[in-house]
1. What shape does chain A take by its C-alpha gyration tensor, where a ≥ b ≥ c are the square roots of the eigenvalues and a/c under 1.5 counts as rounded, a/b above b/c as prolate, and the rest as oblate?
2. Which cysteines in chain B lack any other cysteine whose Cβ sits under 4.7 Å from their own Cβ?
3. Helix-only estimate, please: 222 nm mean residue ellipticity of chain B, summing -39500 (n - 2.57) across DSSP H runs of length 4 or more and dividing by its residues, to the nearest 500.
4. Rounded to the nearest 500, what is chain A's calculated 222 nm mean residue ellipticity when only DSSP H runs of at least 4 contribute -39500 (n - 2.57) each, over all residues?
5. Enter the angle in degrees (range 0 to 90, nearest 10) between the Cα long axis of helix B:2-33 and the first principal axis of the Cα atoms of chain B, meaning the one along which they spread out most.
6. For A:Lys95, go through the lysines and keep the ones whose alpha-carbon is under 27 Å away, minus same-chain ones fewer than eight residues off.
7. Can you figure out the FRET efficiency of A:Arg58 with B:Ala83, using R₀ = 35 Å and their beta-carbon distance, to the nearest 0.05?
8. Expressed as a whole number of Å, what is the distance separating the alpha-carbon centroids of region B:151-208 and region B:18-86?
Amino acid sequence: MSQVTSNPQALDPTRGLATELYETHQQSIYRRTDRIFAMLMAIQWVFGIVAAIFISPRTWVGLTSHTHPHVWAAVFLGLAINVLPIFLALVHPGKTITRFVISVTQMLWSALLIHLTGGRIETHFHVFGSLAFLAFYRDWRVLIPATVVVAGDHLLRGLYFPQSVYGVLTPNSWRWLEHAGWVIFEDIFLIASCLRGQQEMRQIAQRAADLNTAKEAAEAATRAKSEFLANM
Amino acid sequence: MRHSLRSALYVIIGTGWAASVAIGGWRLWGFESTAGIPARPQPMWPADSKLARNIAIPSLVLLIHPHCPCSRATIGELARLMADVHEKLTATVAVLCPAAAAEGWEQTDLWHSAAAIPGVIVVADIDGRESGRFGAATSGQTFLYAADGRLLFQGGITESRGHSGDNAGRSAILSLVLGLSSAPPGQPLHSPVYGCPLFDDSTACERGDTPCPR
């Protein structure tokens, strides 16, 4: 009796199958999102190069000019940023480390694109779009490294070069929290969305397992009935 | 054993990746945050300048290189500034036009963007003469003179090279024009200027902007 109560699967025979279905579904989402991000990384790289060539192709000294450092940054820094996440997405799709590296990398892309487009306020929306995109994983933990990168960047630059992030030389020492606060504001909704998504996935898996068990029971009953009729 | 070797390899790859990204980011950061050649400002409006000065309200002079992509952000900041001061400031943008340049060399998008800002006059700075009179050496160098011709501010109006957004230079000019702050006599407010050098090394040396190589 005590054996029965300590084994939940014995109480609910479909639970094991439901967990298996849930994990399979979760892995397929992780793998698919990893592939999407691998493509997105490549697209962002091309976009960064095109933006640099279009916005700041050359830098000038008097009458002479040479290729602008932004173009080299887009090509080589963009390539360096992309190497690891694309490698992991192709070789280790679905792994936790792959998602975390992609999360950090996506924020690095936000920073690079902001620089390549001359600090346009519109490009800062890339941060918020990326967070929403990361929520496609339905794994709320992925949002943490991205948030840490954004908050850490603002904290460090606010301490050592405040003009670059706040436009004033002596900002309020807590202003970085205001910027990070908006990211956390979005995180709250995305985390809630991820948790709800996971809950729904569990419910779907449980229903599928129930259906599967019922189907097997029905098939067994049909077989028994057929055997009974055949033996009459 | 095989597992630990693989783990070590991944640690090395991860460290190498982080280091290469950090180095690249640091170099980009270094380029953008390195200020240009500082100006040798005139404490009073240069008497030999051909630019018009308003004797009723402050006058702003911005000197730019017409092909410098970094100065696009400067023109954007000027547009924001002019929108904020509401006709309490006159502004002149002097666009560099070297004597050796081809005809129309200075007629770039920067020229047209500056000309489209209400209250801004755009002129060609033939052979950098006005830059010389005002003491500018870097594209984006901005001067603010009071109605009586006294220098109130000199420097840049972007936060870093080619980077738009709130910045100390624009804030300083805005507060001076609106009378929210003042510059002590002989001590104009200043900020770093970010942009392309207006002149090549030999010209900058001849003009005294930079030390001459020995």
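FYI, it's all coordinate maths here, none of it is from the lab. Quick caveat: nothing in here was measured; it's all calculated off a predicted structure. We place every Cβ from the backbone using ideal geometry, glycine too, and count neighbours over all the protein chains shown.
1. prolate
2. B:Cys70, B:Cys97
3. -11500 deg cm²/dmol
4. After summing the helix terms and dividing by the residues of chain A, the value is -26000 deg cm²/dmol.
5. Computed tilt is about 10 degrees.
6. Those lysines meeting the cut-off do not exist here.
7. Once the sixth-power term is evaluated, E becomes 0.70.
8. 6
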